[in-house]
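The block underneath contains the structure these notes are about, expressed in structure tokens.
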There are 2 protein chains.
Amino acid sequence: MKPTRVCLLDGGSLAIDGYKVYWNRGPSGDIRFPVYSVLIDHEEGLFVYDTGYDLQHMQTYVSGDQPLQTLDQTLPGQFQKLGLVPEDVTHVIDSHLHIDHCGGNKHFPNALFMVHEKEYAQAVNPELFERMSYSDLVYDPELHGMNLERGSVKPVASGSAPVAVAPKYQFLSGDVEVAKGVKLLETLGHSAGHYSLLVELAGRRPMLFTGDAAMTPRNLEMMIIGGFHLDPAKGVRALERLKSLAAEYDAELFYSHSMPEFETWRKAPEWYE
Amino acid sequence: MKPTRVCLLDGGSLAIDGYKVYWNRGPSGDIRFPVYSVLIDHEEGLFVYDTGYDLQHMQTYVSGDQPLQTLDQTLPGQFQKLGLVPEDVTHVIDSHLHIDHCGGNKHFPNALFMVHEKEYAQAVNPELFERMSYSDLVYDPELHGMNLERGSVKPVASGSAPVAVAPKYQFLSGDVEVAKGVKLLETLGHSAGHYSLLVELAGRRPMLFTGDAAMTPRNLEMMIIGGFHLDPAKGVRALERLKSLAAEYDAELFYSHSMPEFETWRKAPEWYE
């Protein structure tokens with residue numbers, strides 16, 4: 001059995017106000033943060049957790065998030081650095097379906113898409129304040145269409161990348177071990193169906209990817225959830241769970257959107273193993 | 001039967017960041033807003049809806065809300081302008097139990113306290129992010145004590161005003177007509193059990209007091225809930241309900257915390273009738 005290895009794929013950055021990162025705390029002012037994907041090369045398949053944002057979608061439909069993404073920071077660009085192609089990916093796991101976590105789904109035509117069943121349902125029928133967050137579902141024309149029928153934002157123009165046709169799904173709920181040592185852990189609240197990810201490796205401490213349950217270390221240290229959320233009470237439970245999981249597994253925490261930490265991490269073409 | 005009349009009691013002001021008034025929208029920067037009580041002189045009793053904040057509590061325990069309150073803006077000061085005393089009040093209705101809506105409850109030793117049953121339960125066992133909001137429950141030593149046991153903020157020192165002993169409660173749920181033409185209307189989301197108030201008068205359009213379901217006109221016009229909330233999805237339903245109620249009753253909307261509107265309203269010692 002070949003050893004599991006993990007690679008972080010730089011997807012560029014966004015900047016939002018401090019009050020959106022730290023609910024009711026701020027301080028105000030732009031915070032620029034990274035967006036990245038996690039590639040897991042595993043005996044049982046080639047997995048991607050989160051797929052970043054689509055630059056054209058952000059520039060066209062999402063005002064104010066100030067995207068910065070070079071060609072090198074697109075998924076095709078990152079795969080090229082590794083000598084791989086997106087077509088090799090067998091499974092795409094979306095922590096959730098917000099624009100900066102599923103915007104690259106369309107690059108994976110052969111993948112099985114794994115998503116929390118409640119997340120998919122919410123993306124079809126989002127709250128008013130979630131519509132922009134769920135505006136980039138073009139990887140799945142049916143899902144995108146249902147979302148539009150409910151009154152979400154206008155469809156994105158056909159992008160530069162191919163749009164997947166009728167992606168295959170596996171809908172999940174509860175904690176799920178999707179491959180040996182690759183565990184999806186429910187951390188709800190930020191969105192209806194949100195998963196953090198734990199990956200166990202032979203040569204280092206387990207890696208615990210928080211997803212947006214904790215964007216930065218301060219979120220966890222101060223028990224402040226992010227400004228964007230569907231259920232703040234569940235969001236606090238998720239912070240508590242992350243603390244508990246980190247202790248239980250002696251895991252290293254990888255926050256979803258914190259530049260100081262991201263700058264110190266190993267990134268493509270390097271691997272964690 | 002004597003005609004109902006309504007008087008707005010100025011309770012001073014607070015200032016908080018724009019992101020707290022307009023969730024994830026801002027813009028940032030201090031917004032100073034009024035805090036007021038609604039006195040309803042009715043055939044069936046003398047009612048008060050909301051009792052503002054206690055200056056000493058705010059100055060001692062709540063950092064950053066910048067309270068401004070003259071002696072004239074305390075409840076005893078406002079009652080004096082009307083030639084009334086707080087002891088005459090028969091019913092205190094709390095839209096909810098946040099510090100700036102129940103801080104004057106202790107001034108009403110003879111009142112029956114009407115509060116949503118879910119609000120009382122939440123005040124006993126608040127979420128982490130609600131603890132400061134529910135920190136001024138000294139009017140009810142038992143409630144305050146239960147709250148403290150659950151780990152809320154430190155007790156306020158004995159204030160300058162007398163503390164009510166064992167207040168009598170009527171716990172409510174659903175819409176309730178507490179007196180003829182005085183209706184409590186459920187508008188949940190900002191807090192667990194939140195009531196807006198409709199008062200029908202002989203000589204003018206009904207007055208619809210939104211409470212914190214809509215702090216300002218912009219909240220309603222733009223369908224933006226406030227930054228402080230327990231359940232944002234219910235908060236949006238409450239905004240929709242306020243719009244619908246205003247149309248149904250042809251009511252004039254009185255927002256809880258909007259200075260431009262407050263400045264144009266009639267206030268004690270003047271009455272609406």
Neighbour net charge for A:E43 - beta-carbon separation under 15 angstrom, K R +1, D E -1: -3
So how strong a dipole does the protein assembly as shown carry about its Cα centre when Lys and Arg Cβ are +1 and Asp and Glu Cβ are -1, to the nearest 20 debye? 280 debye
Just the Kirkwood number for the range B:1-75, please: inverse of mean 1/r across all distinct Cα pairs, in Å, one decimal. 14.1 Å
If you take the beta carbon distance between B:L128 and B:R32 as r and set R0 to 35 Å, what does 1/(1 + (r/R0)^6) give as a FRET efficiency, to the nearest 0.05? 0.80
Between B:L82 and B:R266, with labels modelled 7 Å along Cα→Cβ, what's the label distance in nm to one decimal, could you check? 1.3 nm
Where does the charge balance sit around B:M223 when Lys and Arg score +1, Asp and Glu -1, over other residues with C-beta under 14 Å from its C-beta? +3
Mean separation of Cα contacts under 8 Å (6+ apart) over length of chain B, as relative contact order %: 20 percent
Which of rounded, prolate or oblate describes the range B:5-262 when judged by the alpha-carbon gyration tensor and an a/c cut-off of 1.5? rounded
Just counting partner chain Cβ atoms within 10 Å, what average do the residues of peptide A:216-227 show around their Cβ? 1
From the label point of A:L68, set 7 Å from Cα along Cα→Cβ, how far away are the matching label points in the other copies, in nm, ordered shortest to longest? 4.0
Helix check for chain A. Which DSSP H runs span at least 20 Å along their own axis by Cα, with a mean Kyte-Doolittle hydropathy no less than -0.5? A:232-249
So in the range B:5-262, what percent of DSSP beta bridges are antiparallel if you round to the nearest 5? 65 percent
The summed charge of the A:G52 Cβ neighbourhood (under 10 Å; Lys/Arg +1, Asp/Glu -1) stands at -4
How much length would be gained if the chain were fully extended between B:E200 and B:A166, taking 0.36 nm per residue of separation minus their Cα-Cα distance, in nm to one decimal? 9.1 nm
Which ³J(HN,Hα) values, rounded to whole Hz and listed in residue order, are derived for the range A:251-265 from phi using the Karplus coefficients 6.51, -1.76 and 1.60 in 6.51 cos²θ - 1.76 cosθ + 1.60 with θ = phi - 60°, glycine and proline given as x? 8, 8, 8, 10, 6, 6, 9, 9, 5, x, 6, 4, 5, 8, 7
Ignoring everything except DSSP H segments at least 4 long, calculate the 222 nm mean residue ellipticity for the protein assembly as shown; use -39,500 (n - 2.57) per segment, divide by total residues, nearest 500. -6500 deg cm²/dmol
Taking a cut-off of 17 Å between Cα atoms, list the lysines near A:K234, but don't count ones fewer than 8 places away on the same chain. A:K118, A:K243, B:K234
Taking a point 7 Å out from Cα toward Cβ as the label site, list the nm distances between B:M1 and the same residue in every other copy, smallest first. 7.9
Of the listed peptides B:230-241, B:42-53, what is their order by residue-averaged count of other C-beta atoms within 10 Å, with the highest listed first? B:42-53, B:230-241
Counting pairs of alpha carbon atoms under 8 Å apart in space and at least six apart in sequence, what relative contact order in percent does the range A:2-147 give? 21 percent
Going 7 Å from Cα along the Cα-Cβ axis for the label, what nanometre distances separate A:A179 from the same residue across the other copies? 7.0
Hey, got the Cα dimensions of the protein assembly as shown along the principal axes, in Å, largest first? 84, 44, 35
Over 20 Å (Cα to Cα) - which of A:K106/A:K267; A:K20/B:K20; B:K81/B:K168; B:K2/B:K183; B:K81/B:K267 fall in this group: A:K106/A:K267; B:K81/B:K168
Given axes a ≥ b ≥ c from the Cα gyration tensor, I'd like to know whether the range B:62-147 is rounded (a/c under 1.5), prolate (a/b larger than b/c) or oblate. oblate
Student exercise, chain B dipole from Lys, Arg, Asp, Glu Cβ charges, in Debye to nearest 20: 240 debye
Once the dipole of chain B is set up from charges on Cβ (+1 Lys and Arg, -1 Asp and Glu), the residue from the list B:Q69, B:T187, B:I16 lying farthest towards its positive end is B:I16
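Where a number appears in this text, it was derived from the coordinates with a stated rule and is not lab data. Here the structure is a predicted model, which means the values were calculated and not measured. Here the Cβ is made from the backbone with ideal geometry for all residues, glycine too, and neighbour counts use every protein chain on show.
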